[in-house]
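Working notes, structure below.
The values are calculated or read from the model by the stated rules, or taken from the named source; none is laboratory data. Just so we're clear, the structure is a prediction, and the values are computed from it rather than from any experiment. Heads up, the Cβs are rebuilt from the backbone with ideal geometry, glycines too, and the neighbour counts pull from every protein chain shown.
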Amino acid sequence: MPPPVFRFAPSPNGFLHLGHAYSALLNFDLARASGGRLLLRIEDIDATRCRPEYEAAIVDDLAWLGIAWEPEVRRQSDHLDLYRDAVERLAARGLVYPAFESRAEIARLVAAKETTAPWPRDPDGAPLYPGSAKLLSAEQRAQLIGSGAPYALRLDMEAARALAGELFWRELSLGPDGEAGMVAARPEAWGDVVIARKETPTSYHLAVVIDDALQGVTEVVRGADLFWSTSVHRLLQTLLDLPAPVYRHHPLLRDAEGRKLSKSTGATGLRELRAAGGTPSEIRAMVGLAASA
Ligand code: GLU
């Protein structure tokens, strides 16, 4: 049996906090305990928020924590053509359509619908896309694109779901709703998700499944906030004929008030803890992991 392959996949849009340290150390410990490999992937497709100085700080903080990964780091911004190809493959099967509304316009459309009944929300609480642009004709689409209008490429969820059929993933730890074992994917809960934008040829969902497959990742260990995103990942893996890793969604660390840690939470920032004299073994203890062997 080849060794299991783990990955830690931070986005360089801020400095790491204790929650990232927990996730990274957990991946490292699990890889070590199973004789597996650990890869580092920089998820930097959002050019407006990602910065090289954050990437450098992430690499520095991870090394300081004592985490070792295989030398070749994959940076998503180096592989945009690959994602573009995948979008084209989905589009060639009629599974993708351009939607031209801005976020504010979508909010207005949803508000208008909500005057009669509540409009469905996705697992993150955002209203589902109302599907208005699906009704545009090929000429209207071509004309809008020709006029330079910005757009998002959305997955036609109904068509994709019909093609893919029932989907499951193997979950190795308890999810937020207590699932373990085989979990039934519910990608329809997300509606017509964005899989690329005019200026960015991929979304998180698309890039993550392509990279996990290309890097041979067999075990995805990440925060429980991404538990239900796995539904979309299983769908895209099936449509693109990619293998499915197993998943282990770990609980999120919370601050004293019970809030999810964020990149702006100074007190739990690794940089701040380091500057205050904290040691890697203290960080391990703070996130509830045993001392390293
Ligand atoms: N880049 C994502 C984040 O920093 C993690 C993606 C994943 O682990 O699938 O939240």
Review point. Do we have any residue at all in region 217-237 that's more than 16 Å from the ligand (Cβ to nearest atom) and in contact with a strand residue (DSSP E or B) (Cβ under 6 Å, 6 or more places away or on another chain)?
Key: no
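For region 1-60, which residues satisfy the criterion of being acidic (Asp, Glu) and under 15 Å from Gln215 (Cα atoms)?
Glu43
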Practice item. Would you please name the residue that is surrounded by the fewest Cβ atoms within 10 Å (Cβ to Cβ), looking only at residues in region 25-45 that are within 10 Å of the ligand (Cβ to nearest atom) and among the acidic types (Asp, Glu)? Key: Glu43
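Confirm whether Tyr54 is over 30 Å from Ala142 (Cβ atoms), within 16 Å of the ligand (Cβ to nearest atom) and surrounded by 21 or more Cβ atoms within 10 Å (Cβ to Cβ).
no
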Exercise for review: Note down all Cβ pairs under 6 Å where the first residue falls in region 124-151 and is over 21 Å from Gly191 (Cα atoms), the second is crowded, with 16+ Cβ neighbours inside 10 Å, and they're at least six residues apart or on different chains.
Suggested key: Leu144/Phe100; Ala149/Phe100
Revision key, fill the gap. Reported set for region 10-24 where residues are in contact (Cβ under 8 Å) with a residue 60 or more places away in the chain and near the ligand (Cβ under 10 Å from one of its atoms) is Asn13, Gly14, Leu16, Gly19, His20, Ser23
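Let's see how each residue does on (1) touching a strand residue (DSSP E or B) at 6+ places or on another chain (Cβ under 6 Å); (2) more than 9 Å from the ligand (Cβ to nearest atom); (3) within 24 Å of Pro127 (Cα to Cα); (4) modelled with pLDDT of 95 or more:
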position	(1), (2), (3), (4)
Arg186	no, yes, yes, yes
Val193	yes, yes, yes, yes
Tyr204	no, no, yes, yes
Ala213	no, yes, no, yes
